[in-house]
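Undergrad: Below you will find the structure I want to go over with you.
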Amino acid sequence: MTFPLLPLLPLMIIAATLVLSMVAISVRRSHRATFCLTLSGILAALAGLVALLPLVPVQAGLLFLFDGFALFYSALVLAAGFLVAVLSYDYLEGRNTAPEEFYLLLLGALLGALALIGARHFVSFFLGLEVLSISLYPLIAYLRARPSHTEAGIKYLIVSGASSAFLLYGMAIIYGLTGTMEFTLLGPKISGLVDGRAAALVGMVLLITGIGFKLGVVPFHMWTPDVYEGAPAPVTAFIATISKGAVFALFLRYFTDVSLRDHPRLLLVFTVIAIASMAAGNLLALFQHNIKRLLAYSSIAHFGYLLVAFMSARPFRVTAVTYYLVAYFATTLGAFGVVTLLSPKERDADALSDYEGLFRRRPWLAGTFTLMLLSLAGMPLTAGFIAKVYVVVAGVGSFLWLPVIVLVVTSAIGLFYYLRVIAALYKDTRPAPAIAPPATLKGRAVMILLSILLIWWGVYPGPLVALISHITLAP
Amino acid sequence: MILAAILFIPVCGGIIAWLTEYASAKLPRWISLISLAVDFLLTAGLWLGFLHQPGAHSPWLASASAPWVLLPGVSFHLGVDGTSLVLISLTGFLGCMAAAASWNEITERTGFFYLCLTWTIAGVLGVFLSLDLFLFYFAWEFMLVPMYFLINCWGHEDRFRAAVKFFLFTQLSGLFMLASIIGLYFAHGRATGVYTFDYEALLHTPIAAPVTFLLLLGFLAAFLVKLPAVPFHTWLPDAHTQAPTAGSVILAGLLLKTGAYGLLRFAIPLFPAESTAATGPLMVLGVVGVLYGALLAFSQDDLKRLIAYTSISHMGFVLLGLFAGSRLAFQGAMIQMVSHGLSTGALFILAGLLQERLRTRSLRRMGGLWPVAPRLGGASMFFALASLGLPGMGNFVGEFMVVLGVYQAHPGLAVAASLGFVFSTAYALRMIQRICFGENREGWKVPDLSLREMGIMALMMVPLLWLGLSPQPLIDRVEKGNPSMADTTSAPKPHLPGKTLPPGRRK
């Protein structure tokens with residue numbers, strides 16, 4: 001190890017791109033140039049990950065650890081960020097606002113997500129989370145002309161601030177009791193503390209509350225539908241995938257050394273949260289007529305499923321969670337990608353009526369959306385099917401019978417609202433209710449890529465599974 | 001190899017049909033018909049023995065296996081024995097008929113329609129061919145999606161509700177089966193150290209009793225909904241009524257058989273002792289289905305709904321036969337499955353032809369059609385008689401053998417089930433009387449059957465008569481080279497003295 005900061009290469013590349021873009025914007029405003037700079041920055045960061053590959057696991061100071069797990073999640077987040085940036089370009093084009101700063105905020109949020117994924121210390125955890133959140137507030141309210149966006153931005157600001165306070169307080173209590181802020185040292189100590197002292201349990205619960213807010217699981221889910229609805233479609237895609245995924249990765253890392261089976265109280269907390277999320281998410285989604293709200297409730301339910309995998313025992317836990325997150329990333333990006341592509345200039349295409357008879361007007365786009373919805377519903381030939389099977393395998397293999405039964409019943413309920421949207425797509429309505437802009441080459445390429453990935457992972461998931469289990473078992 | 005070909009020909013045919021829609025709206029139907037016909041010829045080749053590849057010590061007539069890396073223990077394992085061979089032949093045959101019956105009915109989005117049609121067939125074939133429980137579940141779920149689209153996009157007036165109901169019922173019960181399959185996977189793995197989904201390995205799983213019963217319940221949930229047994233049948237009348245003709249044919253002819261096949265291939269052999277214990281209630285459910293379906297069929301006005309309820313009645317006999325624990329009843333159930341597929345499929349095609357001509361399915365508005373369209377009337381008469389169990393046609397042989405087999409151990413149930421013969425006569429004759437005879441009050445003037453339609457009808461009559469007059473070849477086919485089946489049908493027998501089970505008096 002010649003250079004101690006080398007493991008931070010991807011973070012530094014993203015940060016450098018951010019600064020460079022800022023300078024470039026101040027010299028001359030050009031949407032295209034900023035866009036290209038952003039994309040090349042993300043690609044360079046991905047290349048940086050590859051360069052790190054032979055070095056793992058490698059620690060950067062006290063704060064960051066880059067092992068196979070972190071590299072995989074970083075790659076996932078960067079790839080998703082790349083696709084969000086591509087989708088944003090056409091979305092921002094022609095909407096009357098300056099588009100360039102959008103990419104700065106996007107890079108900032110990515111930087112926060114990467115820091116979260118590499119964190120192994122409360123300080124880096126909090127740092128990453130705040131960088132991510134603070135970049136997200138203006139992103140949500142980016143199209144200032146629309147009042148709903150500003151409202152969503154402020155809502156997210158308040159909720160996110162409150163949850164950070166919870167988180168910080170929880171960290172403080174745990175630090176006070178254990179005297180350390182490193183995850184690896186915390187693990188064994190927490191094991192001893194949780195079942196003994198009330199204060200430790202309180203600290204843990206405050207921590208879980210803070211993380212629960214970020215993940216949008218019940219009962220901390222209230223902000224999700226409003227923010228999903230209010231944010232511009234590509235930003236919603238970002239929140240749904242990268243922001244939540246990075247927090248979940250950290251969550252997984254934090255609890256790596258804590259076996260939930262030995263702590264019935266913690267297991268109880270997670271069981272309640274998982275069951276409540278699956279039930280509330282799926283039931284409330286039944287009543288939605290707005291696609292973005294519907295997808296918000298669907299994501300609440302999906303994080304309930306993820307928690308079932310999270311609670312499972314060792315050999316499955318990381319693999320099931322990671323596979324599920326990968327499938328969820330591709331599917332959610334695809335779904336919001338369709339919403340983005342269909343949105344006319346003045347608003348987002350989020351009413352169910354915008355989608356009626358879409359198959360007639362835009363057969364390929366409707367087909368893609370159908371595929372995404374079927375994947376969310378967990379039907380065969382899509383990655384969502386394999387992911388759901390994985391979660392059930394993990395749950396049954398760890399004797400989590402109650403959560404698995406709730407998962408089975410609620411996901412059958414969930415099928416109902418996915419089918420309702422699909423039925424709307426194939427309705428025979430003659431007049432075209434909404435005039436959507438024609439899909440651009442970039443948008444099409446993203447959709448085709450995501451569809452291919454979804455089917456590939458749904459039919460022949462072998463390589464991906466091998467990669468995940470190799471990487472997560474390596475250290 | 002041959003099995004993989006049988007499975008993938010419809011998949012590829014469907015994709016080609018879908019893509020050729022852009023060239024011509026009429027091309028897809030030819031492509032799907034040809035691919036299904038090739039499929040049927042391949043199964044016929046297997047049947048006649050041209051394409052056998054018996055393994056050195058394999059009980060299967062033909063099998064294929066390939067790794068399909070997913071979870072440890074999942075493989076792409078296909079196999080066919082007598083039972084599944086009969087059912088895949090039926091699938092190929094009814095697939096061709098369904099494609100031919102939609103020839104002129106479907107005019108919109110033909111490519112997508114034939115894609116859904118062939119993919120449903122592929123899913124059904126996958127169910128009948130898989131020897132790996134995960135692959136089986138994959139196929140089981142796979143056939144739902146295209147079937148949903150068939151009903152949702154080309155169905156009748158209330159199609160959305162019917163399609164969703166169908167999907168939800170089967171999906172929920174299927175997920176319970178998934179939990180059971182995975183439970184079995186772990187039970188087997190913990191007991192033996194080998195984690196596998198392979199059917200032959202799982203057959204010999206030593207597990208503790210209470211767990212096995214729960215696992216069996218998961219399987220039963222899926223199969224009884226699909227069959228359907230009576231309390232779980234409510235999706236069926238809606239789905240069958242609202243589906244387009246081809247959809248109804250496939251639903252009644254094939255999808256219901258997957259439930260019966262699941263029982264005889266998976267539920268009974270995997271849990272022999274537990275399913276023997278559950279025999280009593282299940283046979284009662286079968287008898288209830290026979291009578292209840294027939295009773296409701298009698299009071300229907302919607303022709304397709306009437307035929308749908310007769311399906312419930314006929315499948316009750318299958319359920320009864322499968323759990324009777326007698327070889328005779330089992331053979332009867334097999335014959336009943338094939339002949340029900342043919343006769344009900346044909347009746348749904350006829351209902352489709354009538355609806356195309358009359359734009360109604362209401363029996364009240366029909367009447368006096370025999371003089372107007374004698375060929376149509378004759379065909380309806382033939383299949384109505386087959387459905388009521390006229391000697392000389394397959395249904396009679398099947399139902400008779402089931403009742404005879406059941407009688408040995410449970411005379412009460414057999415007597416109750418044989419009441420079904422009376423009821424079926426009543427509904428079938430009422431149906432034919434309402435359609436063909438009486439006064440032509442609405443003044444219908446409709447074209448008689450065309451050459452294509454005559455061809456379909458004739459092709460469906462032949463096997464029904466063959467089964468009715470000479471069922472032995474089919475029984476031989478089911479039994480021959482079939483040690484696994486011999487185990488399962490004879491094994492429960494010693495456990496089945498009449499006195500250990502609740503006698504049929506309950507009914």
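Undergrad: Residue pairs, Cβ under 7 Å, 6 or more apart or interchain, first in the stretch A:141-159 and among the basic types (Lys, Arg), second surrounded by 15 or more Cβ atoms within 10 Å (Cβ to Cβ). List them.
TA: A:Arg144/A:Thr150; A:Lys155/A:Trp223; A:Lys155/A:Asp226; A:Lys155/A:Val227
Undergrad: To continue, here is another question. Conditions: (1) within 14 Å of chain A (Cβ to nearest Cβ); (2) outside any helix (DSSP H, G or I). B:Phe186 meets all but one. Number of the miss?
TA: (2)
Undergrad: Another question, if that's okay. For A:Ala60, all conditions in the list (1) within 25 Å of A:Leu139 (Cβ to Cβ); (2) surrounded by fewer than 23 Cβ atoms within 10 Å (Cβ to Cβ) hold save one; what is the number of the exception?
TA: Failing condition for A:Ala60: (1).
Undergrad: Suppose we filter A:Gly187, A:Gly212, A:Gly203, A:Gly176 for residues that are in a helix (DSSP H, G or I), more than 19 Å from the chain's Cα centre (by Cα) and crowded, with 19+ Cβ neighbours inside 10 Å; which single one remains?
TA: Unique residue meeting the criteria: A:Gly203.
Undergrad: Here's another thing I want to ask about it. What tally of residues in the stretch A:389-428 results from selecting those that are in a helix (DSSP H, G or I), at the interface with chain B (Cβ under 7 Å from one of its Cβ atoms) and of a type in the set (Phe, Trp, Tyr)?
TA: Total satisfying the criteria: 1.
Undergrad: Select from the stretch B:100-120 the residues that are of a type in the set (Ser, Thr, Tyr) and assigned to a loop (DSSP other than H, G, I, E, B) and list them in ascending order.
TA: Of everything in the stretch B:100-120, those that are of a type in the set (Ser, Thr, Tyr) and assigned to a loop (DSSP other than H, G, I, E, B) turn out to be B:Ser102, B:Thr107.
Undergrad: Counting only residues that are at the interface with chain B (Cβ under 9 Å from one of its Cβ atoms) and either surrounded by fewer than 20 Cβ atoms within 10 Å (Cβ to Cβ) or modelled with pLDDT of 90 or more (or both), how many does the stretch A:343-359 have?
TA: Residues flagged as at the interface with chain B (Cβ under 9 Å from one of its Cβ atoms) and either surrounded by fewer than 20 Cβ atoms within 10 Å (Cβ to Cβ) or modelled with pLDDT of 90 or more (or both) within the stretch A:343-359 amount to 0.
Undergrad: For the stretch A:389-418, name all the residues that are out of contact with any Leu (no Cβ under 8 Å at 6 or more places or on another chain) and without any contact (Cβ under 8 Å) to a residue 40 or more places away in the chain.
TA: Answer for the stretch A:389-418, where residues must be out of contact with any Leu (no Cβ under 8 Å at 6 or more places or on another chain) and without any contact (Cβ under 8 Å) to a residue 40 or more places away in the chain: A:Val396, A:Phe399, A:Trp401, A:Ile405.
Undergrad: Follow-up. Could we say that B:Trp103 is of a type in the set (Phe, Trp, Tyr) and more than 10 Å from chain A (Cβ to nearest Cβ) here?
TA: yes
Undergrad: Ok, one more. Could you list, in sequence order, the residues of the stretch B:361-384 that are part of a helix (DSSP H, G or I) and surrounded by 20 or more Cβ atoms within 10 Å (Cβ to Cβ)?
TA: Residues satisfying the conditions are B:Leu369, B:Leu376, B:Gly377, B:Ala379, B:Ser380, B:Phe382, B:Phe383, B:Ala384.
Undergrad: Separate question: With respect to the numbered conditions (1) without any contact (Cβ under 8 Å) to a residue 40 or more places away in the chain; (2) buried (at least 22 other Cβ atoms within 10 Å of the Cβ); (3) more than 9 Å from chain B (Cβ to nearest Cβ), which one is the sole condition not fulfilled by A:Ile452?
TA: So the condition that A:Ile452 fails would be (2).
Residues are listed down the side, and each one gets a yes or a no for (1) under 18 Å from the mean Cα position of the chain (by Cα); (2) assigned to a helix (DSSP H, G or I); (3) under 15 Å from A:Pro7 (Cβ atoms); (4) modelled with pLDDT of 95 or more:
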| residue | (1), (2), (3), (4) |
| --- | --- |
| A:Ser26 | no, yes, no, no |
| A:Arg29 | no, no, no, no |
| A:Leu39 | no, yes, no, yes |
| A:Leu43 | no, yes, no, yes |
| A:Asn96 | no, no, no, no |
| A:Leu107 | yes, yes, no, yes |
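Undergrad: Go through the residues of the stretch B:75-96 one by one and say whether even a single one is more than 24 Å from the chain's Cα centre (by Cα), on the phi < 0 side of the Ramachandran plot and modelled with pLDDT of 85 or more.
TA: Checking the stretch B:75-96: at least one residue is more than 24 Å from the chain's Cα centre (by Cα), on the phi < 0 side of the Ramachandran plot and modelled with pLDDT of 85 or more.
Undergrad: If you don't mind, another one. Filtering the stretch B:429-465 down to residues that are without any contact (Cβ under 8 Å) to a residue 60 or more places away in the chain and part of a helix (DSSP H, G or I), which residue is farthest from B:Trp47 (Cα to Cα)?
TA: If we take residues in the stretch B:429-465 being without any contact (Cβ under 8 Å) to a residue 60 or more places away in the chain and part of a helix (DSSP H, G or I), then B:Gln433 is farthest from B:Trp47 (Cα to Cα).
Undergrad: Take B:Thr118 and tell me if it is touching a residue at least 24 places away in the same chain (Cβ under 8 Å) and within 10 Å of another protein chain (Cβ to nearest Cβ).
TA: no
Undergrad: Any residue that is surrounded by fewer than 24 Cβ atoms within 10 Å (Cβ to Cβ) and among the aromatic types (Phe, Trp, Tyr) - is there at least one of those in the stretch B:316-333?
TA: Looking for residues that are surrounded by fewer than 24 Cβ atoms within 10 Å (Cβ to Cβ) and among the aromatic types (Phe, Trp, Tyr), one finds none in the stretch B:316-333, hence no.
Undergrad: Still on this structure, I have one more. In the stretch B:373-402, how many are in contact (Cβ under 8 Å) with a residue 12 or more places away in the chain and farther than 15 Å from B:Pro471 by Cβ?
TA: So the count comes out to 14.
Undergrad: Looking at B:Thr245, B:Thr276 in this structure, which one is surrounded by 22 or more Cβ atoms within 10 Å (Cβ to Cβ), touching a residue at least 60 places away in the same chain (Cβ under 8 Å) and over 14 Å from the mean Cα position of the chain (by Cα)?
TA: Testing whether each residue is surrounded by 22 or more Cβ atoms within 10 Å (Cβ to Cβ), touching a residue at least 60 places away in the same chain (Cβ under 8 Å) and over 14 Å from the mean Cα position of the chain (by Cα) leaves just B:Thr245.
Undergrad: Of the conditions (1) in contact with a Leu (Cβ under 9 Å, 6 or more places away or on another chain); (2) more than 8 Å from every other protein chain (Cβ to nearest Cβ); (3) under 23 Å from B:Tyr195 (Cα atoms), A:Ile386 clears all except one; give me its number.
TA: Every condition holds for A:Ile386 apart from (2).
Undergrad: Kindly list the number of the only condition in (1) buried (at least 22 other Cβ atoms within 10 Å of the Cβ); (2) among the aromatic types (Phe, Trp, Tyr); (3) within 18 Å of B:His77 (Cβ to Cβ) that fails for B:Tyr199.
TA: Answer for B:Tyr199: the failing condition is (1).
Undergrad: With respect to B:Pro473, is the statement that it is modelled with pLDDT under 90 and more than 22 Å from the chain's Cα centre (by Cα) true?
TA: No.
Undergrad: Out of the residues in the stretch B:60-94 meeting the condition of being part of a helix (DSSP H, G or I) and of a type in the set (S, T, N, Q), tell me which one is farthest from A:Thr319 (Cα to Cα).
TA: Step by step, filter the stretch B:60-94, then rank; the result is B:Ser89.
The values are calculated or read from the model by the stated rules, or taken from the named source; none is laboratory data. All of these numbers come straight from a predicted model, not from anything done at the bench. Because the Cβ atoms are built from the backbone with ideal geometry, glycine has one as well, and the counts that use them run over all protein chains shown.
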